[in-house]
Amino acid sequence: MTSDDTTPAPEGIRLQKALANAGVASRRVIEQYIVEGRIRVNGRTVTELGTRIDPENDLIDVDGTAVQLDVSKRYVMLNKPTGVVSTMKDENGRPDLRRFTKDWPERLYNVGRLDAETSGLLILTNDGDLAHVLAHPSFGVTKVYIAKVEGRVTAQTIATLTRGIELEDGPIAADKARLLDSSGDSSLVELTLHSGRNRIVRRMMAAVGHPVIDLVRRQFGPLHLGTLPVGKARELTKIERGALLTLSRQDSRENE
């Protein structure tokens, strides 16, 4: 190279290096993925080994699953206990979410809310774009709840929940509903909803004559609470992050 060579340095970094740094696979394996057309950059399949990307702005997926390249983003699952309000600082001094975020240096925020009496899966993150997609009602991300309710729920009541009922703020129908158990003076009902309306499960069950005794959110989009104990938080696994990012990117494109 001569001293007056003004050829600019290539922008970005090689795709295989970025994906190897993200822990997807070794560079050699990723190069094979590129040749096989298994990797997309911003929705377009790439097959050139010299492809360069901007890790901060480009969206990459492998076999249709999104890859997290921005390591500054944090994704945490919390099994929220009852008695805790879904905010980072409660003006009334009630127990809030700050106690569950102290182990992470980033400033995390909750995605959506669970009312104080409801326990279960809550996502904490510093990824504002993802939080917007997951929390906004227009994107219709599904949630699964297990409700212990008063009385013996019948098959007819389950059918009513999926057919739809009228509430004070408009009609609502469960995407799915099933009776898990009915014994004594209470029942267990599983409800799948994509609505983000306030206290919707409690209001639906009260409307069909079965007020909620206890309510747990077991699933949010592709994430399952699993065996995470109440009051504990953990980072999402690489597979969970991929599933969550894939969902958020698909939904954001569909709603553009």
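What the table below lists for this structure:
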{"quantity": "Residues whose placed amide H lies under 5 Å from that of TYR75, excluding near-sequence neighbours", "calculated": "LEU236"}
{"quantity": "MRE, 222 nm, helices only [DSSP H, n ≥ 4, -39500 (n - 2.57), over the chain, to nearest 500]", "calculated": "-6500 deg cm²/dmol"}
{"quantity": "Nonlocal amide H pairs with THR51, under 5 Å, H built at 1.01 Å", "calculated": "LEU15"}
{"quantity": "Whole-angstrom gap from region 138-168 to region 206-252, using each part's C-alpha centre", "calculated": "17 Å"}
{"quantity": "Most mobile listed residue (LEU15, LEU180, LEU188) in the chain, GNM with C-alpha springs under 10 Å", "calculated": "LEU180"}
{"quantity": "Residues with amide H under 5 Å from that of LYS176, placed H, sequence gap 5 or more", "calculated": "THR192"}
{"quantity": "Surface per residue (accessible, 1.4 Å probe) for region 1-145, Å²", "calculated": "56 Å²"}
{"quantity": "For region 82-232: relative contact order, % (alpha-carbon pairs under 8 angstrom, 6 or more apart)", "calculated": "25 percent"}
{"quantity": "Carbon and sulfur %, accessible surface of region 150-249 computed with the full protein complex present, 1.4 Å", "calculated": "53 percent"}
{"quantity": "Between 0 and 90°, nearest 10: helix 238-254 axis offset from the chain longest Cα axis", "calculated": "90 degrees"}
{"quantity": "Residues GLU91 and VAL29, FRET efficiency given R0 of 41 Å [Cβ-Cβ distance, rounded to 0.05]", "calculated": "0.20"}
{"quantity": "Gaussian network model of the chain, Cα within-10 Å springs - most flexible of GLU91, GLU190, GLU117", "calculated": "GLU91"}
{"quantity": "Cα gyration tensor shape of region 135-250, rounded if a/c is under 1.5, else prolate or oblate by comparing a/b with b/c", "calculated": "oblate"}
{"quantity": "Length released on extending from ASP214 to THR162, taking residue separation times 0.36 nm less the Cα-Cα span", "calculated": "16.7 nm"}
{"quantity": "GNM flexibility winner over the chain from THR227, THR246, THR51 (Cα, springs under 10 Å)", "calculated": "THR227"}
{"quantity": "Packing-based order for 156-169, 100-113, using average beta carbon neighbours within 10 Å, highest first", "calculated": "100-113, 156-169"}
{"quantity": "Per-residue HN-Hα couplings for region 38-54 [Karplus 6.51, -1.76, 1.60; θ = phi - 60°; Hz; x = Gly/Pro]", "calculated": "9, 10, 10, 10, 6, x, 10, 5, 10, 10, 8, 5, x, 4, 10, 9, 9"}
{"quantity": "Value of relative contact order over the chain, rounded to a whole percent, pairs C-alpha under 8 Å and six or more apart", "calculated": "19 percent"}
{"quantity": "Backbone N within region 12-35 under 14 Å of label point (7 Å from THR51 Cα along the Cβ vector)", "calculated": "13-20, 30-35"}
{"quantity": "Hz values of 3J(HN,Hα) by residue in region 152-160 - Karplus curve (6.51, -1.76, 1.60), Gly and Pro given as x", "calculated": "9, 6, 9, 4, 5, 5, 4, 5, 5"}
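The values are calculated or read from the model by the stated rules, or taken from the named source; none is laboratory data. On a predicted model such as this, the values are computed, not experimentally measured, just so you know. For neighbour counting, all protein chains shown are included, and Cβ atoms are generated from backbone atoms with ideal geometry for every residue, glycine included. Accessible surface is based on the protein model in full, side chains and every heavy atom, while ligands, DNA and RNA are left aside. Shrake-Rupley method; radii C 1.70, N 1.55, O 1.52, S 1.80 Å.
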